[in-house]
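See below for the structure under consideration.
The values are calculated or read from the model by the stated rules, or taken from the named source; none is laboratory data. Keep in mind that what you see is a predicted model, and the values were worked out from it rather than measured. Neighbour counts run over all protein chains shown; Cβ positions are idealised from the backbone, glycine included.
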Amino acid sequence: MKNFILHIFLLILLVVINATGLLAQNKNGLNNKVERCYTMENLENQIKADPTLPAKWKARGELIQQQNLQHKQNNILNDQAVTVIPVVFHLVISAGQQAIVTDALLQRQIDVLNRDFAGLNPDPIFRSGK
């Protein structure tokens, strides 16, 4: 009898846990609208605003590939070599807040990362030789 009650309790618990998991992405409980990442919608909006973007992105990608090939062919393996790393920012904010995050702000963050990785940060946490 105790086993039966335990099994029933576990079954009910499992059903409740699964039911809450089904509603995890719904902000309004049983509302069927699921909030997802805005990346693809934003990308489509950018392309609608400037239909030349895909061609520009393709050209930029080809330029990066060409630069990488030149570096390999020239055997640039010293400490002064420039490595190009394509970067994508995923903004996890509402569409209304995206106007706050400008291209200039994102470029400043890339500049900070470049300074850090080049060892030019004025206050690095780790200093060589210490």
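Assorted remarks:
- When Ala81 is tested against the conditions (1) under 21 Å from Phe117 (Cβ atoms); (2) exposed (fewer than 10 other Cβ atoms within 10 Å of the Cβ); (3) at pLDDT below 80, the lone failure is (2).
- Of the residues Val92, Val34, the single one that is modelled with pLDDT of 80 or more and part of a loop (DSSP other than H, G, I, E, B) is Val92.
- Selection of the range 98-114 for residues being modelled with pLDDT under 85 and surrounded by 10 or more Cβ atoms within 10 Å (Cβ to Cβ) yields only Gln98.
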